[in-house]
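A.B. asks: Quick one: the structure is below, and I'll ask about it shortly.
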Amino acid sequence: MFCLSELEDTVRVPPDLLKLPLEVAIKKVLQKLFLDKVLSIGLCVSIYDIKSAEGGFVLPGDGAPTYKVVFIIVVFRPFVGEVIAARFKESDSNGLRLTLGFFEDIYVPAPLIPRPNRCEPDPCNRNQMRWVWIFEEQEYIIDDSYQINFRVENISYPPVPTERAEDGAIDDDGLGPVSWWEGCSERNNEDDDT
Amino acid sequence: MKNIIVKANAGALTNFEVLDLLNSRGASKDTTRVIASETVSRSEYKVYDYLMETAASTQTRESVTKFSDKCKDFRLAKAEILNIINLRPSSDVELTPILEKPDEREIDIEGILALVQELLPPLPTVEAQKENEQEETENDEQS
């Protein structure tokens, strides 16, 4: 699920951070730039380490020094075929949407929900549809009462990666974020309804 | 600002290692989270919360290392070993989706499950869970 990636970038450290030790200041800037953002290599989860920082030149007209920094980040990047435990978030007639808390754009399209199944309007929530798996004459409702294990089938990235200024979970970005298509293997962690 | 990716994959991490990293930065279950907020950001805390509900929260470095060492005997791919450590399957039905083409490779499913049981601490949930055997992996034929 997670791996380390090494990046190199030019980082501008605003003057108000210069009272801090250099490494701390650079880390703060990196966090603002990368944390919780989706890059081509995955979702940046944490700044792991700063390998080197050089430069510190102040460009004309600017009060802030710029450093060339080589650093390592922890990224969330599952591979196709990986099985991940997630929670149910919502569902509609196209399929399910699952969440990991820190990442919410996991989609299970209808064809990949265990068959035979049926989709019905959710009695508790008028806007949603509810999926029910029918197995050996028992019905299992897919909802948030248990954990759902899914297997990653496909990963797609937004076609035009743009830099967003605001912080926040990527599902707020409205970029058409990473969507995963997966086979859904259900794990019921409590007794089934009879 | 264009970033230059020096190395896209500088090493895979188990969930345990990421949790360990966040712990060493001061993340904790303390609800106020004021003390660690200097070193652990809100988005990092979301990852922490997720991981605390998985098998990673009860694992130790020793158990994870020992387990991956012993896995060599079972001829598993690195990705599969990682998956097993992250998910801690306790039954055949949980283990098979992780493996690629298990039938063609003659994998010792029982052996792996026994090793998991022996070396990896149990999952963090408190109440006893009854495994539901009716699990279906979408892309396989129904067995």
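The values are calculated or read from the model by the stated rules, or taken from the named source; none is laboratory data. Keep in mind that this is a model prediction, so the values were computed, not measured. Ideal geometry is used to build each Cβ from the backbone, glycine not excepted, and the neighbour counts take in all protein chains shown.
A.B. asks: Scan the range B:85-101 for residues that are over 13 Å from the mean Cα position of the chain (by Cα) and not in a helix (DSSP H, G or I) and report the count. Give the derivation first.
C.D. replies: First pass over the range B:85-101, keeping only residues over 13 Å from the mean Cα position of the chain (by Cα): B:91-93, B:96-97, B:99-101.
Checking the rest, the ones that are also not in a helix (DSSP H, G or I) come to B:91, B:99-101.
Residues that pass the stated criteria total 4.
A.B. asks: Assuming A:Val74 fulfils every condition listed in (1) buried (at least 16 other Cβ atoms within 10 Å of the Cβ); (2) hydrophobic (A, V, I, L, M, F, W, C); (3) more than 7 Å from chain B (Cβ to nearest Cβ) apart from one, which condition is it?
C.D. replies: (3)
A.B. asks: Let me ask you something else. Away from chain A (no Cβ under 12 Å), at pLDDT 50 or above and loosely packed, with under 11 Cβ neighbours inside 10 Å: does that describe B:Asp108?
C.D. replies: Working: away from chain A (no Cβ under 12 Å): yes; at pLDDT 50 or above: yes; loosely packed, with under 11 Cβ neighbours inside 10 Å: no.
Spelling it out, it is not the case that B:Asp108 is away from chain A (no Cβ under 12 Å), at pLDDT 50 or above and loosely packed, with under 11 Cβ neighbours inside 10 Å.
A.B. asks: On to the next question. Among the residues of the range A:136-164, write down those that are in a strand (DSSP E or B) and either modelled with pLDDT of 75 or more or surrounded by fewer than 17 Cβ atoms within 10 Å (Cβ to Cβ) (or both).
C.D. replies: Of everything in the range A:136-164, those that are in a strand (DSSP E or B) and either modelled with pLDDT of 75 or more or surrounded by fewer than 17 Cβ atoms within 10 Å (Cβ to Cβ) (or both) turn out to be A:Gln138, A:Glu139, A:Ile141, A:Ile148, A:Asn149, A:Phe150, A:Arg151, A:Val152, A:Glu153, A:Asn154, A:Ile155, A:Ser156.
A.B. asks: Tally up the residues in the range B:55-84 that are modelled with pLDDT of 90 or more and outside any helix (DSSP H, G or I), please.
C.D. replies: Going through the range B:55-84 one residue at a time, the tally reaches 2.
A.B. asks: Okay, next question. Please determine, by comparing only the residues of the range A:15-40 that are outside any helix (DSSP H, G or I) and within 19 Å of B:Thr39 (Cα to Cα), which one is farthest from the chain's Cα centre (by Cα).
C.D. replies: Applying the first criterion (outside any helix (DSSP H, G or I)) to the range A:15-40 yields A:18-21, A:35-40.
Checking which are within 19 Å of B:Thr39 (Cα to Cα) leaves us with A:18-21, A:35-37.
On the way: A:Leu18: 32, A:Lys19: 34, A:Leu20: 31, A:Pro21: 31, A:Leu35: 11, A:Asp36: 8, A:Lys37: 9 Å.
Here the answer is A:Lys19.
A.B. asks: Still on this structure: Checking the structure you have, find out if any residue of the range A:108-130 is among the acidic types (Asp, Glu), more than 10 Å from every other protein chain (Cβ to nearest Cβ), within 30 Å of B:Ile81 (Cα to Cα) and not in a strand (DSSP E or B).
C.D. replies: Pass one, the range A:108-130, residues among the acidic types (Asp, Glu): A:120, A:122.
Filter once more, so that each one left must be more than 10 Å from every other protein chain (Cβ to nearest Cβ): A:120, A:122.
Checking which are within 30 Å of B:Ile81 (Cα to Cα) leaves us with none.
No: the range A:108-130 contains no residue that is among the acidic types (Asp, Glu), more than 10 Å from every other protein chain (Cβ to nearest Cβ), within 30 Å of B:Ile81 (Cα to Cα) and not in a strand (DSSP E or B).
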